[in-house]
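The values are calculated or read from the model by the stated rules, or taken from the named source; none is laboratory data. Owing to the predicted nature of the structure, the values given are computational and were not obtained by experimental measurement. Using ideal geometry, Cβ is built from the backbone for each residue, glycine included, and neighbour counts are taken over all protein chains shown. Please note that ligands, DNA and RNA were not included when accessible areas were found on the heavy atoms of the full protein model with its side chains. Shrake-Rupley method; radii C 1.70, N 1.55, O 1.52, S 1.80 Å.
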Amino acid sequence: MSKPPSRVLSVASLLAVASLSAALSACYVVPIDPRTGQGYPIQRADGRGDGTAPPASVTVVTPPAPAAPPAPTVLNARLYPLNTQANKGGLLTAVVVDNNTGRGSFTLSYLGDTMQGESTRVDASYAAFGRIYNEVLGLNQRSFSGRRGIANAYGGKGVNAQCEYLITGPGIGTGACQFSDGARYQIHFGT
């Protein structure tokens, strides 16, 4: 005699559920540490991860932060008049902002005009260095020691300035400027 179809289906369903339960009884979910990609150790009540050794510790190594670019260096300068035309402008102040890249900005006021330009560091092989010194201070034997630089600025009233300078210590140095209207100045850096 055969069994009714509903009973065969329920025995088959019961066997499938039992098989699935047996297969899944050995599985468990382990949380994964996102820093290492490894599973966290399973802790028992006695504090042991696998029953034989204390749980492993995880050491996180943080890479060093990238170095910040050096901050710009601000050099304050005073320009002292050396001839009659420069006396019309009087004592001037200028600001050189060194971006620590070999270039920077150069700003000063002259006869009511704000002049703006740039400054550039040059090395000992820059052949033109010394020309402004000679035009402003006269032909003399000079030895240039320190960081050399040139600076140029232009104002809205049509006057420009060409300067050379030497930085001989932190924020200190000297230089010379020749203006297109004939004014000649000597520069002193420092506060």
Using a 7 Å offset from the Cα along the Cα-to-Cβ direction at both ASN100 and GLN141, what is the distance between the two label points in nm, to one decimal? 4.0 nm
Rounded if a/c is under 1.5, else prolate if a/b is larger than b/c, else oblate: which is segment 91-185, with a ≥ b ≥ c the root eigenvalues of its Cα gyration tensor? oblate
If one computes the Cα centroid of segment 71-88 and of segment 153-191, what distance in Å separates the two points? 5 Å
Largest-first principal axis extents of the Cα set of segment 55-147 (Å): 86, 34, 16
In whole percent, how big is the carbon plus sulfur part of the accessible area of segment 93-153, probe 1.4 Å, protein atoms only? 48 percent
